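Have a look at the structure below before the remarks.
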Amino acid sequence: MNALISTALSGVVLMFVGLFVRNKQHIKFYAIAAIIISFIANLALYPTVQLGSYIQFGMIEVSKFSVLFNAVALGATLIYFLLSGKEFEKVGEHVGDYFALIFFILAGITLASSFSNLLMLFLAIEIMSIPQYVLAGADRKSLKSNEASLKYFLMGAFSTGILLMGITLIYGAAGTFNIAELGLGADPVHPLALCGIILMAFALAFKVSAVPFHFWTPDVYDGSPTVFTSFMATVVKAGGFVAFLRMFHVAFAGGAVSHHWTLILSIITAATLILGNFSAVFQQSVKRMLAYSSIAQAGFMLFAVIAVNQFATQGIILYAAAYSLATIGVFAVLMKLKDYTFEGFNGLARKQPLLALATTIFLFSLAGIPVTAGFFAKYFVLSAAIQHGHLLWLVIVGVLCAAISVYYYFRVIMAMYFKQGDPEVEPISGGFRAALVLTIILVLVLGLCPSLLIGWL
Amino acid sequence: MLTVLLILIPFIAGLIAFGLKGSGPKVLGMIASLASVATAIGTVCTLHADPKKLSFVTNWIPQLGSQFRVGLDGMGTMLCLLTAIAFLLVFITIYNRDIERPNSFYGLMLLSQAGLVGVFTAFDALQFYVFWELALIPVYFLCSMWGGEKRIPVTFKFFVYTFLGSLLMLVGIIYLYFQTPDHSFSWTSFTSLQLSMGDQKWLFWLFFVAFAIKMPVFPFHTWQPDTYEQSPTPVTMILSGVMVKMGLFGVLRWLVPVLPEGAAMWTDVAIVLSIIGIIYASCIAMVQSDLKRLIAYSSIAHIGLMSAAIFAHNEQGTQGVLLQMFNHGINIIGLWIIVEVIQNRLGVKNMDQMGGIARKAPRMAIFLVIISLANIGLPLTNGFIGEFLMFSGLFQYNHWFMAFAGLGIILAAVYTLNMIQKVIFGEGNTLTDTTTDLQPGETVALSLVVIMIFVLGVYPQPMLDLVSKVF
């Protein structure tokens, strides 16, 4: 609740800051201050939920999970501001507005992690999506950016309609919007409810770019200004997943109904893993590769949605943190380069050893190699699926795909370390270096001691 | 505490080495490897006096029930000793070589040593997995940065192969974790599991593939000759001398004790694969003209025999394997040292371009002959007793298997003698006339190898006593 209020207010404040503050540099500092305040305000709730969760106004459930997830999302955004805040100025004139939109998205995410009512779910998804359509088209002079925005908007609006349809059908079956009281588990499952669940699954799968609802992802991520792609592909995607997970774990788990959607989601997961990984292999641009890698990683996060257990909830938080930190880091380095192809990284290790080391560690994390956060993230979601008991085939598909993912992540490492070249790199400031080192430390600490994060749950 | 020290010495030295300049890294590497050898000898003494002192447990991830749990039994101690000696030999040999970016080279070498020791001392499955991967990463960078022309694709293939194998193993580990009553990763909980036959049947493959890729056993071996050929020779020494032992170690420590019925069920398949590997690799070795590839294939053959003997499931076979793990490590490192010297002097590795080295470099020729003969297991050398025990173990299990595996010995003699003849005897040419004999550092390293060959060949009892101490 605190996080929701503080992020929404910060958004409004930043919009006005953009009007009155001429110096763009200063706007960034206001944004950083606002995110730190939101972070602290969110953590201030933690003592109140230690004994158990509670529901406010019949709409929002404040729980350890929601507080922790908000902390991860806000923390990742803080890192994102520190690493890439400077890039906002390059996109266009309205820097204050961009920051404000990011805060509105965050408000949507905090809602997504704590909704206890289907209406709130719908609001959360919409608040997350609409600012994204604007951000995707922020570079008004670029045709690709315009295309991305329009494409995203049309497809997104369509999927929102499907989500609403799903909610309506479920309301028709259950007679309530309260997700804890839907009671759909009874056998035989109400046909309206079943249709509703399937429609909701499809709409949410669209939001998290799961196959076969992923077609917008590569174009939108590629066309949007890179600095916003970095945010959309990480924190926002994690927000989409947390809504997905809450919906299915709280409302649709247990009873006969879960058999129906487990199979559908398993197939979606397998398709996401296979298609995401295989397509990423064939990309020539690192930015596009990261777009497909985000689809592939979504496949792993879907494990947590399907497997309803303790490992899954811990896993989604760890995965959100690990994946967001690593991807934000790689994007931050990518934006410092002139050439976004794999060849653009040739010889980076000689020229900028710190950038190369940081990228390597982030890519290790994405590939799930031990002692980085990504390993335990994968570990937890795989454990969740294995504990589920009937998903071993999916786990095997998952690890085979993880091996494939090494191929495209390591292409960047090979280019940086083993190939000759003279990449054009923008000047690197001391602050950027410090933020990069901080991110590396976070990735390694989570990789050594994941209990520092999940111990809070 | 000594056990933790074994991991920490190379780890910390490795991190420091990255920051050093000039001759700093190689001096540090030498000091660290000497300290490791001393510590390893310390663990051998402690194992005889008070084995409990070698265990160390502390909490790691309490939510998962995973602990940082290290310990040493006879097998672990022997492998740690081998690791320490191997790195010392490598560092002595390359002490006078000019290596590009020595700080990264020595740093990565020492880190890989830390990873290897971590694998050999782990008694917690998750920790075992983590070290298993960690040992691989520095080696990946070493091979890709200092290797031959085709190093990048070749090393990458090696990495993906092993990574895939280890992911399958991870699935197996997680599955077993959920079967343990106390949800723990400790070795004791894993080994006391009572798994159904149906489970063991498929779990076996998750683990076996990971270990078979590492060893490598036919048909998972295709990464190995290319990688050995393209890697810089100091790294090849570590790969073939120590890293392949990770696979054998994995089978002995984790696969057979945890899944005994699964291992018993698939014994014949595993042995047949191993024996195919022996014969296949030996045949290819016979027609190789590339010195590095020849030794690579001979290594597949030797490892194949060891893996076959493990699956014979009897006392003698296992004893032989344990002994041979150490001896094979020493011998193959000795051979690689000589290859390294030849490459350093001549700049080629094709045997057709060599010849007549005996006249120009008699000391090197003598060492090559002794080590090659030890490698094919001539009596009175260290290779003999291990092979003898393995063959007798295999014979007890099934004499047909032993007969086919025995072909490997004959073939080994063929390609090894052929190699000796081509490399050191015969007419010299303009290239080989420029050869100079061994330098002091190389002589020291090779002398150490030869001393171990004869001591362990004539009196293997101390080593047998060491490896027979079980946890």
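The values are calculated or read from the model by the stated rules, or taken from the named source; none is laboratory data. Predicted model only: the values in this text are computed from it and were never measured. As a convention, Cβ positions derive from the backbone with ideal geometry for all residues, glycine included, and neighbour counts pool all protein chains shown.
Annotations
- Close pairs from the stretch B:168-191: first within 14 Å of another protein chain (Cβ to nearest Cβ), partner part of a loop (DSSP other than H, G, I, E, B) and aliphatic (A, V, I, L, M), Cβ under 6 Å, at least 6 apart: B:GLN179/B:LEU193
- If you check A:ALA296, A:ALA291, A:ALA280 for being touching a Cys at 6+ places or on another chain (Cβ under 8 Å), farther than 21 Å from B:PHE178 by Cβ and modelled with pLDDT of 90 or more, only one passes: A:ALA296.
- Look at (1) farther than 19 Å from B:ILE9 by Cα; (2) surrounded by 20 or more Cβ atoms within 10 Å (Cβ to Cβ); (3) more than 12 Å from chain A (Cβ to nearest Cβ); (4) not acidic (Asp, Glu) and you find that B:LEU203 fails only one, number (3).
For (1) farther than 25 Å from A:GLN56 by Cα; (2) surrounded by fewer than 23 Cβ atoms within 10 Å (Cβ to Cβ); (3) at pLDDT 90 or above, each residue gets a yes or a no:
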| residue | (1), (2), (3) |
| --- | --- |
| A:ALA112 | no, no, yes |
| A:LEU119 | no, yes, yes |
| A:PHE122 | no, yes, yes |
| A:LYS141 | yes, yes, no |
| A:TYR152 | yes, no, yes |
| A:GLY175 | no, yes, no |
| A:PRO188 | yes, yes, no |
| A:VAL208 | yes, no, yes |
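- No other residue among A:LEU194, A:LEU182 is modelled with pLDDT under 90, under 22 Å from A:PHE303 (Cα atoms) and not aromatic (Phe, Trp, Tyr) apart from A:LEU194.
- Residues (touching a helix residue (DSSP H, G or I) at 6+ places or on another chain (Cβ under 9 Å), away from every other protein chain (no Cβ under 14 Å) and in a loop (DSSP other than H, G, I, E, B)) located in the stretch B:42-79: B:SER55, B:GLY71, B:LEU72, B:ASP73
- Complete set of residues in the stretch B:255-285 that are of a type outside the set (D, E, K, R), closer than 29 Å to B:VAL414 by Cβ and surrounded by fewer than 17 Cβ atoms within 10 Å (Cβ to Cβ): B:VAL269, B:VAL272, B:ILE276, B:CYS283
- Qualifying positions in the stretch A:56-112 - of a type in the set (A, V, I, L, M, F, W, C) and assigned to a loop (DSSP other than H, G, I, E, B): A:PHE57, A:MET59
- All positions within the stretch B:119-142 that are within 16 Å of the chain's Cα centre (by Cα), in contact (Cβ under 8 Å) with a residue 24 or more places away in the chain and within 10 Å of chain A (Cβ to nearest Cβ): B:TRP132, B:GLU133, B:LEU136
- In the set (1) more than 18 Å from B:PHE141 (Cβ to Cβ); (2) within 8 Å of chain B (Cβ to nearest Cβ), the condition left unmet by A:ILE428 is number (2).
- Residue in the stretch B:344-365 that is of a type outside the set (Gly, Ala, Ser), under 18 Å from B:SER299 (Cβ atoms) and modelled with pLDDT of 85 or more present: no
- Candidates A:LEU366, A:LEU436, A:LEU357 - the one that is in a helix (DSSP H, G or I) and within 13 Å of chain B (Cβ to nearest Cβ): A:LEU357
- Among the residues listed as B:GLY377, B:GLY386, B:GLY393, B:GLY426, the single one being crowded, with 20+ Cβ neighbours inside 10 Å, in a loop (DSSP other than H, G, I, E, B) and in contact (Cβ under 8 Å) with a residue 12 or more places away in the chain: B:GLY377
- Taken together, the residues in the stretch B:74-106 that are of a type in the set (Asp, Glu) and surrounded by 20 or more Cβ atoms within 10 Å (Cβ to Cβ) amount to 0.
- Of the numbered criteria (1) part of a helix (DSSP H, G or I); (2) over 20 Å from the mean Cα position of the chain (by Cα), the one B:VAL160 fails is (2).
- Members of the stretch B:143-158 that are more than 7 Å from every other protein chain (Cβ to nearest Cβ), touching a helix residue (DSSP H, G or I) at 6+ places or on another chain (Cβ under 8 Å) and not hydroxyl-bearing (Ser, Thr, Tyr): B:CYS143, B:TRP146, B:GLY147, B:GLY148, B:GLU149, B:LYS150, B:ARG151, B:VAL154, B:LYS157, B:PHE158
- Condition check for A:ALA291: under 18 Å from the mean Cα position of the chain (by Cα) and either more than 27 Å from A:LEU194 (Cβ to Cβ) or polar (S, T, N, Q) (or both): yes
- Among the residues of the stretch A:343-353, those identified as of a type in the set (A, V, I, L, M, F, W, C) and either over 26 Å from the mean Cα position of the chain (by Cα) or within 13 Å of chain B (Cβ to nearest Cβ) (or both) are A:LEU348, A:ALA349.
- Flag for A:ILE396 being within 13 Å of chain B (Cβ to nearest Cβ) and under 26 Å from B:ASP199 (Cα atoms): yes
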